[in-house]
1. Quick check on K62: is it out of contact with any strand residue (DSSP E or B) (no Cβ under 8 Å at 6 or more places or on another chain), part of a helix (DSSP H, G or I), among the basic types (K, R) and surrounded by 11 or more Cβ atoms within 10 Å (Cβ to Cβ)?
2. Name every residue in the range 40-69 that is within 19 Å of K19 (Cα to Cα) and of a type in the set (G, A, S), in order of residue number.
3. Which residues, counting only those in the range 23-39, are among the hydroxyl-bearing types (S, T, Y) and part of a loop (DSSP other than H, G, I, E, B)?
4. Conditions first: (1) touching a helix residue (DSSP H, G or I) at 6+ places or on another chain (Cβ under 7 Å); (2) loosely packed, with under 10 Cβ neighbours inside 10 Å. V27 passes all but one, so which condition is the exception?
5. Which ones in the range 41-59 are in a helix (DSSP H, G or I) and not aliphatic (A, V, I, L, M)?
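No value in this document is a laboratory result; all are computed from the given coordinates. Keep in mind it's a predicted model, so treat the numbers as computed, not measured. In this analysis, Cβ positions are derived from the backbone assuming ideal geometry, glycine residues included, and neighbour counts consider all displayed protein chains.
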Amino acid sequence: MVTLPLLKVYVKVLSEALKELVTDSLVERTVYPEIPPKVCYKIMEYGMTLSSIFEVLHEWGKEHNNRSN
């Protein structure tokens, strides 16, 4: 079970990572003026240049998924 302080850390780390991806033009951030606020992220064309790397990482993960520590 995740405790509240730990959850806040996860949210902060995710927020910082998303800001970096936006700054690097890998994803696009769209804010919708709603209540509650709605924010969507979409991968940009430049971010798609990483797709082959993600595919290799995904395959590696599937191959090593059942490995014990």
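1. Numbers: out of contact with any strand residue (DSSP E or B) (no Cβ under 8 Å at 6 or more places or on another chain): yes; part of a helix (DSSP H, G or I): yes; among the basic types (K, R): yes; surrounded by 11 or more Cβ atoms within 10 Å (Cβ to Cβ): no.
Criteria not met by K62.
2. G47
3. As a first pass, look at the range 23-39 and keep what is among the hydroxyl-bearing types (S, T, Y): 23, 25, 30, 32.
Hit for the range 23-39 is S25, nothing else.
4. (2)
5. Correct list: E45, Y46, G47, S51, S52, F54, E55, H58, E59.
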